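The values are calculated or read from the model by the stated rules, or taken from the named source; none is laboratory data. Here the structure is a predicted model, which is why all the values come from computation and not from measurement. In this analysis, Cβ positions are derived from the backbone assuming ideal geometry, glycine residues included, and neighbour counts consider all displayed protein chains.
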Amino acid sequence: MIRAFRAFSPDLGDFAQMCDEKRWIEAENRPGKRQGAFCTGLPTKRESRVFMTFTNSFDNVSTLAHELGHAYHSWVLREQPLFLQDYPMNLAETASTFAEAVLAEDRLHQSRSRGEQLGILDHMCSDAVAYLMNIHARFVFEDRFHQERREGEVSTARLSELMLAAQKETYLDALDPEGWYPDFWVSKLHFYISGLPFYNFPYTFGFLLSTGLFALAPELGASFPQRYRDLLIATGCQETEEAVKSTFGYDLAAPDFWNRSLDVVERRVSQFLALV
């Protein structure tokens with residue numbers, strides 16, 4: 001992972017190595033320790049810590065990259081005034097999904113086995129389905145729930161109807177009938193975090209923004225890592241549109257940037273189909 005990060009951005013690679021050497025990552029798999037992962041910042045110490053349970057799977061490696069993306073975001077902001085070190089959820093998930101993309105793309109280029117390439121591309125395509133369909137379904141459901149809640153209580157049966165309708169709409173009715181999950185709203189923690197409504201949306205936004213940025217890297221060459229670092233710093237003091245415009249020159253209100261993101265997804269699907 002460190003090699004992949006460093007090949008893309010020496011600064012990101014050096015940071016990941018420092019996290020390892022300073023033991024800022026607690027990843028031991030031991031009895032009584034639950035699965036999952038998170039990253040937390042320590043602003044007064046200008047440090048971060050990553051907590052996860054590593055079980056020797058590529059999913060775990062991808063998760064670690066995700067959390068190190070968060071940690072790097074905090075790291076580049078550490079010299080800013082305290083109140084300019086905070087950033088919205090949509091931009092937090094940009095840095096994390098970007099780090100995942102760097103690792104996955106590097107693995108794909110390094111792989112020489114058709115089977116391994118298929119596995120990597122399957123993982124990439126599954127991520128796209130999750131961010132663009134599954135999470136979008138959650139957003140559609142939550143939006144319609146709030147609209148109906150204005151008129152009074154919403155029954156459990158109606159909640160399941162809304163969930164099923166959202167899934168059919170966002171999956172374009174493409175799921176196998178056994179794949180529909182109308183009671184998904186019951187078990188998803190994100191719907192119950194009252195302080196962060198629409199907590200699902202930042203993941204889709206972050207995925208699309210990071211994918212679009214990733215697509216710009218070959219064009220910008222050696223200047224990209226510094227621009228990316230400048231963007232992360234800008235997230236603490238500028239709105240998203242302004243931050244992207246000032247560092248990469250793209251207008252997020254226009255479709256061009258977002259089409260680049262979807263072009264990357266389409267390319268990965270085509271690669272997968274060609275190998276199959």
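Those residues that are outside any loop (DSSP other than H, G, I, E, B), in contact with a Gly (Cβ under 9 Å, 6 or more places away or on another chain) and within 23 Å of Arg107 (Cα to Cα), I need them from segment 22-63; list them, please. Let's see the steps before the verdict.
Initially, segment 22-63 is screened for residues outside any loop (DSSP other than H, G, I, E, B), giving 25-26, 37-42, 47-52, 58-63.
Now narrow it down to the ones that are in contact with a Gly (Cβ under 9 Å, 6 or more places away or on another chain): 39, 47-49, 51-52, 58, 63.
Those that are outside any loop (DSSP other than H, G, I, E, B), in contact with a Gly (Cβ under 9 Å, 6 or more places away or on another chain) and within 23 Å of Arg107 (Cα to Cα): Met52, Phe58, Thr63.
May I ask you to list pairs of residues, at least six apart or on different chains, whose Cβ atoms are under 8 Å apart, with the first in segment 260-274 being within 16 Å of Ala104 (Cβ to Cβ) and the second being acidic (Asp, Glu)?
As it stands, the answer is Phe272/Asp122, since those pairs meet every condition given.
Considering Tyr250, Tyr228, which residue is outside any loop (DSSP other than H, G, I, E, B), of a type in the set (Ser, Thr, Tyr) and closer than 17 Å to Gly206 by Cα? Walk me through how you get there before you give the answer.
On the way: Tyr250 fails: outside any loop (DSSP other than H, G, I, E, B).
When all the criteria are applied, what remains is Tyr228.
Going through segment 164-192 one residue at a time, which ones are part of a helix (DSSP H, G or I) and more than 23 Å from the chain's Cα centre (by Cα)? Before the answer, list the steps.
Here is the first cut: in segment 164-192, the ones part of a helix (DSSP H, G or I) are 164-170, 177-179, 184-187, 189-192.
Answer for segment 164-192, where residues must be part of a helix (DSSP H, G or I) and more than 23 Å from the chain's Cα centre (by Cα): Leu164, Ala165, Lys168, Pro177, Glu178, Gly179, Val186.
Pick from segment 17-61 the residues that are among the polar types (S, T, N, Q) and surrounded by fewer than 10 Cβ atoms within 10 Å (Cβ to Cβ): which of them is nearest to Gly119 (Cα to Cα)?
Narrowing segment 17-61 to residues among the polar types (S, T, N, Q): 17, 29, 35, 40, 44, 48, 53, 55-57, 60.
Those left that are additionally surrounded by fewer than 10 Cβ atoms within 10 Å (Cβ to Cβ): 44, 56-57.
Values: Thr44: 42, Asn56: 16, Ser57: 12 Å.
Going through the qualifying residues, I end up with Ser57.
Any chance segment 119-129 includes a residue that's surrounded by 11 or more Cβ atoms within 10 Å (Cβ to Cβ), in a helix (DSSP H, G or I), among the polar types (S, T, N, Q) and touching a residue at least 24 places away in the same chain (Cβ under 8 Å)? Before the answer, list the steps.
If we filter segment 119-129 for residues that are surrounded by 11 or more Cβ atoms within 10 Å (Cβ to Cβ), which is where we start, we get 119-129.
From the residues that got through so far, the ones that are in a helix (DSSP H, G or I) too are 119-129.
Within this subset, residues satisfying the condition of being among the polar types (S, T, N, Q) are 126.
Still in the list and also touching a residue at least 24 places away in the same chain (Cβ under 8 Å): none.
Checked segment 119-129: no residue is surrounded by 11 or more Cβ atoms within 10 Å (Cβ to Cβ), in a helix (DSSP H, G or I), among the polar types (S, T, N, Q) and touching a residue at least 24 places away in the same chain (Cβ under 8 Å).
Tally up the residues in segment 70-101 that are touching a Pro at 6+ places or on another chain (Cβ under 9 Å), in a helix (DSSP H, G or I) and at pLDDT 90 or above, please.
Number of matching residues: 1.
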